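First the structure, in the form of structure tokens, and then the observations on it.
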Amino acid sequence: MGRRPTIRDVASAAGVSMGTVSRVAAKLNTVSPETRHRVEQAMRTLGYVPNIAARTMRTNRTKIVGLLLPDLANTVFLLLAKAAERLLGSEGYTLFLYSSERSPTREIEFLELASRYRMDGLIVSLSDETNQSVVEALSKMECPIVLLDRDTPIRADVVFSEHAEAMQRVTAHLIELGHRRIALITAPLGIRPGRERVLGYRAALRDAGLSIDETLIGHDYQTSKYGFSKALEMLRRPVPPTAVIAGGDEIFYGVLRAARQLNLAIPGDVSIVGADNRMLSDVVTPMITIIDRDMEQVGDTAADMLIRRMNGQGGEPVHVHLPSEVILRNSTAKPRPDLV
């Protein structure tokens, strides 16, 4: 052709309107499969590449959505991202995935990028919801935002997960088995999951008339390294806990590592409860009692809420609460009589 092919050339070759070509290029589900195939074939034959910049100027939409997560190495977050990308992609959006590495500075950098590239919407999981600089930067964003499991003063839709009730149930289960020294290692109190899990744990102990040993609660970091070191420290005490609850995916992995390093039998020497990582709990021996969340449901819900806002839905912020499930397995049992 001697020149760069245009949308008009594609429309002519496929025998459709330029509007149809635009909808196919935007990956909208408003074109029949047969027509879509014909248009895509014409694009490949002609070597046509959609001009995203031109489309943005024409529609004032980039069709880009930002997803800010604390850690891309976390399986839980990857399941969430996969589900969100699937739904957003079906609506013609491209997902821009960004890891904050639990750094408020990187979170602000992400928000600056989102503004610079004029992203149409954001799904955000903050590493510390009490950081005022990040909250202030987020409140100034001009696009729709869906927050993941965070309490902030920002007027935004939120997908909450239930934590306190599930933690209360699993702690009560350990108490019923006869455990009295139950350790909890969980996320920091600067994020809602950490606070809610500690609340549920405390409530179960109070309901059973048991005193709360603050030295058996760890909530400094949300990493496998912290779960490992904290569990080691607790389990090496002269009077160790007879059960450990790992309140978080990475913490769960760290606690299992600590038990293995100390050659502790599960549940013979210590009962263990995990959280979030269903795959890990299924493949270790014995299978681990776990507090489980459907993270694909979280991703689907967040993406659906955001799509509605980007399509012009108004109204007050929507807060959706999704349940958690306690799955009892063989990693919890009565404590050895000599340890009680």
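How large is the direction-averaged shadow of the alpha-carbon convex hull of the range 73-207, in nm²? Let's see the in-between values first.
Details: hull surface 38.6 nm².
Mean orientational projected area (the range 73-207, Cα hull): 9.7 nm².
In whole percent, how big is the carbon plus sulfur part of the accessible area of the chain, probe 1.4 Å, protein atoms only?
52
Below 17 Å, Cα to Cα, which lysines can Lys63 reach? Residues fewer than 8 away in the same chain don't count.
Output for Lys63: Lys27.
Indicate the helices, whole DSSP H runs only, in the chain that combine a mean Kyte-Doolittle hydropathy of -1.0 or more with a Cα extent along their long axis of 15 angstrom or more.
Details: long enough: 33-46 (20 Å, -1.32); 75-90 (23 Å, 1.10); 104-116 (18 Å, -0.45); 164-177 (20 Å, 0.34); 192-207 (22 Å, -1.11); 224-235 (16 Å, -0.04); 249-261 (19 Å, -0.18); 295-310 (22 Å, -0.14).
Qualifying helices: 75-90, 104-116, 164-177, 224-235, 249-261, 295-310.
For the chain, with a Gaussian network of springs between Cα atoms less than 10 Å apart, report the residue from Val244, Val49, Val198 with the top mean-square fluctuation.
Val49
Rounded, prolate or oblate, given the Cα gyration tensor of the range 156-196, with a/c below 1.5 counting as rounded?
Values: a/c = 5.74, a/b = 2.04, b/c = 2.82.
Judged from the Cα gyration tensor, the range 156-196 comes out oblate (a/c at least 1.5, b/c at or above a/b).
Select from the range 133-196 those GluC sites (Glu not before Pro) which occupy a DSSP coil region and have at most 11 other Cβ atoms within 10 Å, ordered by residue number.
Working: sites: Glu136, Glu142, Glu162, Glu165, Glu176, Glu196; in loops: Glu142, Glu162.
Of the GluC sites (Glu not before Pro), the ones in loops of the range 133-196 whose Cβ has at most 11 other Cβ atoms within 10 Å are Glu142.
Which cross-chain or sequence-distant (5 or more) residues have an amide H under 5 Å from the amide H of Val158, H modelled 1.01 Å from N in plane?
When sequence neighbours closer than 5 places are left aside, the close amide H contacts are Leu147, Val318, His319, Val320.
Answer with a single label: of [x] 85, 40, 31; [y] 67, 53, 28; [z] 76, 55, 36, which was calculated as Cα extents along the principal axes in Å from the structure in view?
Read-out taken from this structure: [x].
Aspartates and glutamates near Lys334 by alpha-carbon distance under 17 Å, same-chain residues fewer than 8 away left out - which ones?
The qualifying aspartates and glutamates are Glu176, Asp269.
If contacts are Cα pairs under 8 angstrom and at least 6 residues apart, what is the relative contact order of the chain in percent?
On the way: 622 pairs, mean separation 57.8, N = 340.
This gives 17 percent for the chain.
Using amide H atoms built in the peptide plane, which far-off residues or other-chain residues are under 5 Å from Val244 H to H?
The list, which skips near neighbours in sequence, is Ala183, Ser271, Ile272, Val273.
Would you kindly find the accessible area of Thr75, with a 1.4 Å probe and non-protein molecules such as ligands, DNA and RNA excluded, rounding to the nearest 10 Å²?
Rounded to the nearest 10, the figure is 40 Å².
Relative contact order (percent) for the range 67-164, with alpha-carbon contacts under 8 angstrom and 6 or more residues of separation?
Dividing the mean separation by the residue count of the range 67-164 yields 25 percent.
Cβ under 13 Å from Glu107's Cβ, Glu107 left aside: what net charge do those residues give with Lys, Arg +1 and Asp, Glu -1?
Details: positive: Arg102, Arg106, Arg150; negative: Asp71, Glu101, Glu109, Glu112, Asp128, Glu129, Glu136.
Every neighbour counted, the sum reads -4.
Suppose all protein chains stay in the model; what accessible area per residue would a 1.4 Å probe give for the range 180-295, in Å²?
On the way: 4760 Å² over 116 residues.
That works out to 41 Å² per residue.
Can you grab the distance from the C-alpha centre of the range 230-268 to the C-alpha centre of the range 141-210, Å, no decimals?
20
The values are calculated or read from the model by the stated rules, or taken from the named source; none is laboratory data. Bear in mind the structure is a predicted one, so any value in this text is a computation, not a measurement. Positions of Cβ are backbone-derived with ideal geometry, glycine not excepted, and every protein chain shown enters the neighbour counts. We work out accessible area using only protein heavy atoms, side chains counted, and drop any ligands, DNA or RNA first. Shrake-Rupley method; radii C 1.70, N 1.55, O 1.52, S 1.80 Å.
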